[in-house]
1. Could you tell me which of the residues Lys158, Lys189 is touching a Ser or Thr at 6+ places or on another chain (Cβ under 8 Å), without any contact (Cβ under 8 Å) to a residue 60 or more places away in the chain and surrounded by fewer than 17 Cβ atoms within 10 Å (Cβ to Cβ)?
2. Kindly check whether there is at least one residue in region 177-185 that is under 30 Å from Tyr46 (Cβ atoms) and touching a residue at least 60 places away in the same chain (Cβ under 8 Å).
3. So, in region 200-218, of the ones that are out of contact with any Phe, Trp or Tyr (no Cβ under 8 Å at 6 or more places or on another chain) and not hydrophobic (A, V, I, L, M, F, W, C), which residue ends up farthest from Lys234 (Cα to Cα)?
4. Inspect region 104-118 for any residue being of a type outside the set (A, V, I, L, M), buried (at least 18 other Cβ atoms within 10 Å of the Cβ) and farther than 20 Å from Leu75 by Cβ and give the result as yes or no.
5. All but one of (1) among the acidic types (Asp, Glu); (2) free of Cβ contacts under 8 Å to residues at least 24 places away in the same chain; (3) closer than 20 Å to Gln16 by Cβ hold for Glu93; which doesn't?
6. Select from region 64-91 the residues that are at pLDDT 90 or above and aliphatic (A, V, I, L, M) and write down the one among them that is farthest from Ala5 (Cα to Cα).
7. For region 85-102, which positions are surrounded by fewer than 19 Cβ atoms within 10 Å (Cβ to Cβ) and more than 19 Å from Arg14 (Cα to Cα)?
8. Among the residues of region 41-89, what is the count of those that are under 27 Å from Asn219 (Cα atoms), assigned to a loop (DSSP other than H, G, I, E, B) and polar (S, T, N, Q)?
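The values are calculated or read from the model by the stated rules, or taken from the named source; none is laboratory data. Model, not experiment: these values are computed from the prediction. For neighbour counting, all protein chains shown are included, and Cβ atoms are generated from backbone atoms with ideal geometry for every residue, glycine included.
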Amino acid sequence: MYRIAICDDEERQREQVRQLLLALSVKSGIDFEVTAFEAGEQLIEYYERGGEPFHIFILDIEMNGRNGIETARRLREMKRQSEQIIFLTSYPEYMLESFDVITFQYLIKPVEPEVFEEKMLKVCRFFQESESDILIIKSAHEEIVLRQDDIIAIEVVKSLTVKNKLKFTTTHAVYEGKGLISGYASALKAERFLQIHRSILINLLHVHKFSGGQVVMSNGMQLPIGRSKMKEVKDACTKFMVLKAE
């Protein structure tokens with residue numbers, strides 16, 4: 001599933017894009033979760049409040065208040081680098097300026113449905129080809145796409161009703177899913193993720209410090225290190241920090 005933000009100050013245009021995405025979803029089997037914003041300020045405030053990241057921004061340019069280029073520039077300044085931007089606008093003269101904010105596509109209204117679908121499938125393929133940096137987890141009702149860099153820790157959760165229940169703590173939210181922690185340890189980047197306990201897997205990128213027999217993560221959560229893994233964990237963290245500094 002791909003999370004998409006539509007930002008356009010005209011309701012008719014927002015609904016038109018939503019319908020194009022719905023039609024593409026039916027044809028391709030790709031699921032899109034769409035959120036609409038009527039102003040650039042709204043989209044920026046969404047991120048400032050800690051909203052869950054999107055995969056794709058579909059932005060108009062000429063809008064009331066902050067225009068699309070300014071909105072995209074502010075989002076990039078907020079370290080929203082992995083989201084892909086598609087401008088859908090009536091103004092071709094902004095095309096050169098759009099390159100400054102790392103634009104994936106620049107489409108001129110009115111866009112033909114076939115052209116829109118072609119470009120959307122292209123950006124979806126981009127994400128699929130970047131799959132090594134993405135983790136897809138299965139929750140009770142849906143599949144959730146997470147960026148590996150955003151994952152802080154994965155923990156086994158004891159449950160009487162759900163077998164192999166896991167908790168995924170990320171920089172923006174906590175998710176529940178199912179699976180074996182050993183399977184995720186194998187699937188994730190070996191140089192970045194480390195199993196510090198039989199029921200805990202951490203992202204070394206988010207290690208803040210050690211405190212006794214615990215590791216403190218970037219969000220403040222404290223996780224116990226297995227007694228037999230103490231030296232391995234400290235050595236791995238030290239090595240990671242050295243490589244990161246190079």
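1. Working: Lys158 fails: touching a Ser or Thr at 6+ places or on another chain (Cβ under 8 Å).
Step by step, each of Lys158, Lys189 is checked, and only Lys189 is touching a Ser or Thr at 6+ places or on another chain (Cβ under 8 Å), without any contact (Cβ under 8 Å) to a residue 60 or more places away in the chain and surrounded by fewer than 17 Cβ atoms within 10 Å (Cβ to Cβ).
2. no
3. Going through the qualifying residues, I end up with Ser218.
4. Here is the first cut: in region 104-118, the ones of a type outside the set (A, V, I, L, M) are 104-106, 109-110, 112-114, 116-118.
Restricting the remaining residues to those that are buried (at least 18 other Cβ atoms within 10 Å of the Cβ) gives 105-106, 116.
With the extra rule that they be farther than 20 Å from Leu75 by Cβ, the set shrinks to 116.
Within region 104-118, one or more residues are of a type outside the set (A, V, I, L, M), buried (at least 18 other Cβ atoms within 10 Å of the Cβ) and farther than 20 Å from Leu75 by Cβ.
5. Result: Glu93 fails condition (3) only.
6. Of everything passing the filter in region 64-91, Ile69 is farthest from Ala5 (Cα to Cα).
7. Pass one, region 85-102, residues surrounded by fewer than 19 Cβ atoms within 10 Å (Cβ to Cβ): 90-97, 99-100, 102.
Scanning region 85-102 gives Pro92, Glu93, Tyr94, Met95, Leu96, Glu97, Phe99, Asp100, Ile102.
8. Number satisfying all stated conditions: 2.
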